[in-house]
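Chemist: Quick one: the structure is below, and I'll ask about it shortly.
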Amino acid sequence: MDIAVAVGVGEVSALVDAAERVLAGYDPALVTASDAMRCVKLFDRLERFSYAGKTLSIGRVAETELCRRAGFRSAADWMADATGVGVGDAVRVVETAKALQHAEATAEAFRAGVLSARQAKVIADAVFVAPSVEAELLAAADGLSVRELDDKARRLARAASEEFDADRTARQHKNRSLRTWIDGDGMGCGMWKVPPADHARVMAVIGEIQSSIFQTARIEGRRESSEAYAADALVAMAGQATGTTRSTGSTGSTGWAGSTGSTGSTGSTGSAGSGGRGGRGSASDVKVIVRVDQVGGTANIPPMVQVHISASASVASQ
């Protein structure tokens, strides 16, 4: 039987130094293709160990006020600054660490490199609601994709959970959040996490405006990703809420104007022109990207929704 030996920062530092030396001398051009395939698996396992160690460590940091005393809003903000990852990515690591606190067997499998970070988070979320499902999910993890594991976790937790609808609603409301930050490129970024019903209302409005923007872009001969159009719709929705308009576009500016009535219907119109709707004045080139992720959610609990926003704008006088 393997006996765990307590280690500290000195041993971890030595491990990093050893990995650095090995990688410095590793040249994939000098190994056979079959050995390179083995190395892919070995490096993946090394990456899992590293990610697990980082996740468990930031979980410990998040239990304290150390980051706030250092001038950061949270452990995730400190981690983003210290490691160079996005704040949204850091938030997910911290959330995984917190979820694993309620799933001891899952945490051990994660520590051993058996589970990826996503697998560990899926199982830990289900265990939080229905502890009895942990063993079955751990046994099934190796033979399922992450999506299949997530579906199975939801089904099992739905059947085993004793959480009432009112409890679920209260918990989701408590976990709502909105975060914004500026990345290294000067892009305005954001992430919100809201219960499913609120998400549906927001996305219904964005979807309606997005459809109009898509049609206008096709008429003008512009083709961009659906995420870019969703981002434009988000900016347009903000303009409707404040009674202002925003111009956007890489090949020309397009302005949208609309109004939201008491019934929740939203109208939108589009017109092309370098000056938007205001003739002379200022024209804005706006670049916004929106990514929507369903996260957490534990089986009989619909997933919370995280929306990641990146935006930048430049203004030129007309």
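The values are calculated or read from the model by the stated rules, or taken from the named source; none is laboratory data. Please read these numbers as outputs of a predicted model, since none were measured by experiment. Neighbour counts are summed over all protein chains in view; Cβ atoms, including those assigned to glycine, are modelled from backbone coordinates with ideal geometry. In case anyone asks, the SASA skips ligands and DNA or RNA and just uses the protein heavy atoms, side chains included. Shrake-Rupley method; radii C 1.70, N 1.55, O 1.52, S 1.80 Å.
Chemist: Of all residues being part of a loop (DSSP other than H, G, I, E, B) and loosely packed, with under 11 Cβ neighbours inside 10 Å in segment 26-53, which is farthest from the chain's Cα centre (by Cα)? Just the residue, please.
Modeler: Among those residues, the one meeting the criterion is Thr32.
Chemist: Could you list all residues from segment 177-219 that are part of a helix (DSSP H, G or I) and closer than 30 Å to Arg73 by Cβ?
Modeler: Residues satisfying the conditions are Pro196, Ala197, Asp198, His199, Ala200, Arg201, Val202, Met203, Val205, Ile206.
Chemist: Within the bounds of segment 68-85, is there any residue that is open to solvent by less than 60 Å² (accessible area, probe 1.4 Å), hydroxyl-bearing (Ser, Thr, Tyr), under 30 Å from Glu134 (Cβ atoms) and outside any loop (DSSP other than H, G, I, E, B)?
Modeler: Within segment 68-85, none of the residues are open to solvent by less than 60 Å² (accessible area, probe 1.4 Å), hydroxyl-bearing (Ser, Thr, Tyr), under 30 Å from Glu134 (Cβ atoms) and outside any loop (DSSP other than H, G, I, E, B).
Chemist: With respect to Lys98, determine if the residue is on the phi < 0 side of the Ramachandran plot, assigned to a helix (DSSP H, G or I) and in contact with a strand residue (DSSP E or B) (Cβ under 9 Å, 6 or more places away or on another chain).
Modeler: No; evaluated as a whole, the condition is false for this residue.
Chemist: Does Arg60 meet the test of being open to solvent by 70 Å² or more (accessible area, probe 1.4 Å) and either in a helix (DSSP H, G or I) or free of Cβ contacts under 8 Å to residues at least 60 places away in the same chain (or both)?
Modeler: Yes; evaluated as a whole, the condition is true for this residue.
Chemist: In segment 134-159, how many are aliphatic (A, V, I, L, M) and closer than 20 Å to Ala112 by Cα?
Modeler: 9
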